[in-house]
Each structure stands twice: as structure tokens, then as C-alpha cells.
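Scroll down for the structure; my scribbles are underneath it.
The values are calculated or read from the model by the stated rules, or taken from the named source; none is laboratory data. Since the structure is predicted, the reported quantities are computational estimates derived from the model, not experimental observations. Reconstructed Cβ throughout: ideal geometry from the backbone, glycine too, with neighbour counts over all protein chains shown.
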Amino acid sequence: MDALLVLEDGRVFEGRSFGAPGETTGEVVFATGMTGYQEVLTDPSYAGQIVVMTASHIGNTGVNEIDPEAERPHVAGFIVRAYSEDYSSWRARTGLGHYLREHNIVALADVDTRALTRHIRERGAMRAAISTETNDVEYLLQRARATPPMEGLDLASGVGTRTIYTWNEGSGEWRALRGASDPTAVLQSPRFHVVAYDFGLKRNILRKLVDHGARVTVVPADTPASEVLQMRPDGVFLSNGPGDPATLDYAVRNIQQLLGKTPLFGICLGHQLMGLAVGGRTFKLPYGHHGMNHPVKDLLTGKVQITSQNHGFAVDPDSLPEEVVVTHRNLNDGTVEGLRHTRYPAFSVQYHPEAAPGPHDADPLFSEFMRLMERAR
């Protein structure tokens, strides 16, 4: 064994390095997806986190240039049980280990991920340190404990765009590059102009907005509401992203200034910011929701959606004003998964309707956003 993971409570896990050499720190969380490790690595919402994959074999399909959700990986570290150096996929450009080394991501294999996941589930997500260069447990323990906790961190401002740009690629063009058609792609000619705040935006969200009839202008996280309104949008989208939503005062103020002036749709961090903007509070979950196959109940229809999620904070339902209703609940722990404003055209969900590689149960939420913008015209 040539690498160590040391948790802030003193628990030690041994492993083998298959990524970049070095040391890293972050909050350890587990992700439950059986596939989609490339989307996990490049999801900006994982910034500052060391991700443990619960699926036992990772790396079998290599890494390609089509699936990333961002330009580069954003995870602080990566941990798997069994890493496959050999890969088999006609789309693959390189192996996972080579990709991680290219991007200086420290990664461990041969770790008892079942024991690690059970430990996090029982004790909660916690800070940790990884090293491929020392076996000094006490040193790594102090590094872990010196790492800032996720509460109080504004990570969104560091992962999003710093310039305004337009996006016009839909799932059809993307799937064509992958050599397959997409049965979920609606692909309509642009009927609406959507301005999307980038707090850590995933590319597939932009594709889905285009699929459903929008031309999209992406703006930095701190863009003033007045500047957004000058763009004359039919609606404003609030993206996913990392960190503690309660630290993003600038985003909350902008959303408050947009409420009632244009339709709003938020996902993940955007959902939490919506909750704060209407006067609610957020709180840290014990170990968050990360990965696929999380059941969510639509309280308006009674239907259950199987969803993809990635968040460590949630909205406190008892803090919400009367004009905001809870529309969705997580069936595992009862936390809020959706909100709707009864006076203004605004709604949000905690989970990911654009999920790549899936599931796609919640894709109709993009159509709902389009209908909201149509009614507001």
C-alpha cells in the first residue's frame, strides 16, 4: 500500500495511488452511481470534496472528450475500490488514471469503500487528507482538521464563468458526436431567451434548455439583477454549484430583485438560493445526497421520480413563508426537494432533471419552465 486516507475523527484507510502523486484535503462524500464517473469528476458541485464511488469497479470505459460536464475535473480527490487500468470503449481517448494525472487529481484504489461509506453514513461527511508521499498519520490528521469545513464556504464564485457567453448546442448535436440518438431530446427552434446564472453550471443543463426551445446567455454568479433584466430575458435559470448557499449573499439579493419580474427556475444550489431569497433558511445535511436513484415524491401529483442528486445542504421547510409551498419530498429522509412560489412565476428543485447519464424521470421540468415563460409573456 502506497497511499493513506485519514479522516478528521482519526479513522485511517490504506490504498494504492492511481492518480497524481501528492497530497490533498477536502470533505469526504460518497456517490452511489453505478456509472457516470466522468460526469461526477467534472461536476463543479463536487469542488472541495473527495468523492468515494460506491460501485466496486471504476475505469472500465476509460475517459472520452464528449461526456465532461465542465472543462476539467473539480473534485478534490477520488477514491475507488477496484480501478481498471484496461478499458474498453470506442469513444475512449485515454484511461481514467492517465486523465487524473493529467489534471493533477490525487486518487486511491484498493480502498475498502464499503467500510468507508458505512463510516460516513453513520458519522456524517467529514474532512480528510490523502497522501501518496507520507505515512505519517498524525501529520495527515492535523492537515484534515485544519481544512475549512464546508459550512461557511463560498465555492461557487471560484468555479463558474467570469465572462458572459451564449450556448446553442442541444442534446441532438451532442448525441451525434457520441454516435447515438437521444430519445429524450425535444429539440425545438428557439422560442425563449433564458439567462443562466453560473454558480457551477453543468453543460447538460444548457443542452436541455436548448432542446426545449431556449437560446441561452450564461452570466457569472455575481452579475447584478439589473444587468440581467437589461438583457430582456423571458426567464432566468439558477444553476447548481458547490459550497454553502448561506454565504452567497450577492446571489440571494439578485434573486430577490428578479422575483416577480421574470420567471425563475432553480436546480440544486439554485434551489437553495431560491429558498433563502424568499426568506427561508438552509442547513447542512449529515452526509448529503450524491449519486443516482434517489426517490422523490411529487406532492402535487403523487407520482415518484427516480432522480440524480448532488448536494450537501437543504432548505428548512419550517422557515418558509406562506406564499411558498413545498412541492417535492425526498422519500429517503423527508427533506425538501422542490419549491414553488404562489404569487410569482418561480419554482425550483433540489435534484437534477438534466442528469447525465441518467435517470431521466424529471426531464419534463424543463417543459414546465417553458410553459411558465409562455404564460408570462
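Here are the numbers for the structure shown:
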{"quantity": "The stretch 306-334, subset in contact with a Leu (Cβ under 8 Å, 6 or more places away or on another chain) and surrounded by 21 or more Cβ atoms within 10 Å (Cβ to Cβ), residue farthest from ALA246 (Cα to Cα)", "calculated": "HIS328"}
{"quantity": "Failed condition for THR301, given (1) touching a residue at least 40 places away in the same chain (Cβ under 8 Å); (2) of a type in the set (Ser, Thr, Tyr); (3) more than 24 Å from ALA47 (Cα to Cα)", "calculated": "(1)"}
{"quantity": "Leading residue by the ranking (nearest to MET274 (Cα to Cα)) among those in the stretch 208-245 that are of a type in the set (S, T, N, Q) and surrounded by fewer than 22 Cβ atoms within 10 Å (Cβ to Cβ)", "calculated": "THR223"}
{"quantity": "Condition broken by ARG101, with the remaining ones in (1) modelled with pLDDT of 95 or more; (2) among the basic types (Lys, Arg); (3) touching a Ser or Thr at 6+ places or on another chain (Cβ under 8 Å) satisfied", "calculated": "(3)"}
{"quantity": "Filtered residues of the stretch 200-227 (kept if of a type outside the set (Val, Ile, Thr), closer than 19 Å to LEU259 by Cα and not in a helix (DSSP H, G or I))", "calculated": "PRO220, ALA221, ASP222, PRO224"}
